[in-house]
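One structure is given here, and the rest of the page talks about it.
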Amino acid sequence: MRQPANLHRASLLDCNYEHPYPPLGFRPFRECDLGNGDEYGLYWPIGREGEEPIVAETQHDGHAMDPAFSCLDRFLQRADANGTGRWVGQPAHDEDPDSPAVRVERARQAAREQAPERAATELRAALLRLPEYGAASALLCNQYRRLQQTSAAIEAALQSLISPPCFGGADAKVLHWLARQDECPPSLADDPIWEARTRLRFRFGGTKTNDDYPILLGAIKDYIARGQGMRACTLMQCYAELMWFETVSFRERYGFHAPEFIAWEIETARQFGLDRATVSNA
C-alpha cells in the first residue's frame, strides 16, 4: 500500500475488519471526527493500492462512505484552515477539484444543465480514482443513456451493480433498465451479472429467503475463476455489506459468517495482488 508522505500528521486508529463495514482498505484516523461513530480515514480504492489513498468520511448510521478528499494533503489543508480539530465537511469545488465526491457533485450539476457529455467526463474521472464508486457509475449509466451510447451505459450499469452499498452501489433502478436490454458489448456477453440480469431483483431485507444471494455468490466465484480480481473483490464487498444488513437468522440460513467471509475476501485480494488488509499495519 502506498502511504502518503505526510502520514505522520494522521493519528491512525486500528481497524480489525471484523465486520463488512467499514470496508477493507479503510484506515480511520482520530483527527476531526464527530465522536458519534462518524470519522475520517484513509481509503485505498480497489486496484489502486499503489497510489496514494483518498480521504473518506464514514456515516455510521447509514453505513455509507463519503469519498470527500482526493488525498491526505487536501484534507489537512482544509483541517488547518478550520482550526481546533473541528469536523471539516466536504471541500468546496475549487479546494479539491479532484475529489471523487466533488466530481460527482459537478456531474449532477451538469446533468441538471442538460450537459451529459460534461457530466460523463466528470464521472469517468471520479471512477478512475475510485472504481467502486457505485453512485458515480449509476449516474454515468444515465448520462450514457442520454447520449444514446448503450454499450457504454451497460458497462457502467454492471459496475454499479457490483459496487458496495457504502459507495452507493446495488442500484435497483439501474438493474430494471439493464434487464430490458438484449445486447451488450462482446467483452461482457458472458459476464455473470449480465447473464443473471432478468433473475436478479436487488430488493434486500424483510424476507426469509432471497434468491439474489446465491446468484451473487456464484458470480463472485465465476469472477475468481476467470482471473477478474477487481470485479471479484468489488462484488465480494458488495455481497458482504448487503448480507450484513440482514437479520442474524437470515445470515445463518445462508451460511454467512462475517469473519470467515472477510478472511476469504482478504485471501482473494492477495491472490490478485490487491493486498488490502495490510492497511491495518500501515
Directionally averaged shadow of segment 147-197, computed from the convex hull of its alpha-carbon atoms, nm²: 3.6
Considering the values [x] 54, 47, 35; [y] 51, 49, 31; [z] 61, 57, 32, which represents Cα extents along the principal axes in Å as calculated for the structure under consideration? [x]
Under 17 Å from a point 7 Å along the Cα-to-Cβ line of residue 257: which residues of segment 10-35 have their amide N that close? 18-20
Please report the relative contact order for segment 176-259, taking Cα pairs under 8 Å with a sequence separation of at least 6, and give it as a percent rounded to a whole number. 22
Overall form of segment 18-88 per C-alpha gyration tensor (a/c, 1.5; a/b vs b/c): oblate
How big is segment 106-165 on each of its three principal axes, counting only the C-alpha atoms and giving the largest first in Å? 29, 22, 17
So if I restrict to the alpha-carbon atoms in segment 132-282, what is the Rg, and what is Dmax, the biggest pairwise distance, in Å? 15.4, 47
Note to self, the chain gives a 222 nm [θ] from helices alone (DSSP H runs n ≥ 4, -39500 (n - 2.57) apiece, / all residues, nearest 500) of -14000 deg cm²/dmol
Peptide ranges 249-258, 93-102, 68-77, 160-169 listed from the most packed, as the mean C-beta count within 10 angstrom indicates: 160-169, 68-77, 93-102, 249-258
For 54, 154, what's the fewest-to-most ordering of other Cβ within 10 Å of each Cβ? 154, 54
Going by amide H atoms built from the backbone, whose H comes under 5 Å of the H on residue 17, apart from near neighbours? none
For segment 1-146: relative contact order, % (alpha-carbon pairs under 8 angstrom, 6 or more apart): 16
What does the net charge come to around residue 45 if you take all other residues with beta carbon closer than 11 Å to its beta carbon, with K and R at +1 and D and E at -1? -1
List the residues, sorted by chain then number, that are 5 or more residues from residue 29 or on another chain and whose placed amide H is less than 5 Å from its amide H. 13, 40, 41, 42
Find how many whole Å separate the alpha carbon centroid of segment 178-256 from the alpha carbon centroid of segment 90-169. 22
Using 0.36 nm per residue of separation minus the Cα-Cα distance, give me the extension gain between residue 151 and residue 30 in nm, one decimal. 39.2 nm
Please state the relative contact order of the chain as a whole percent: Cα pairs under 8 Å, 6+ residues apart? 17
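Bear in mind that the values in this text are calculations on the coordinates, not laboratory data. All values derive from a computational prediction rather than experimental measurement. Positions of Cβ are generated from backbone atoms using ideal geometry, with glycine treated the same way; all protein chains shown enter the neighbour counts.
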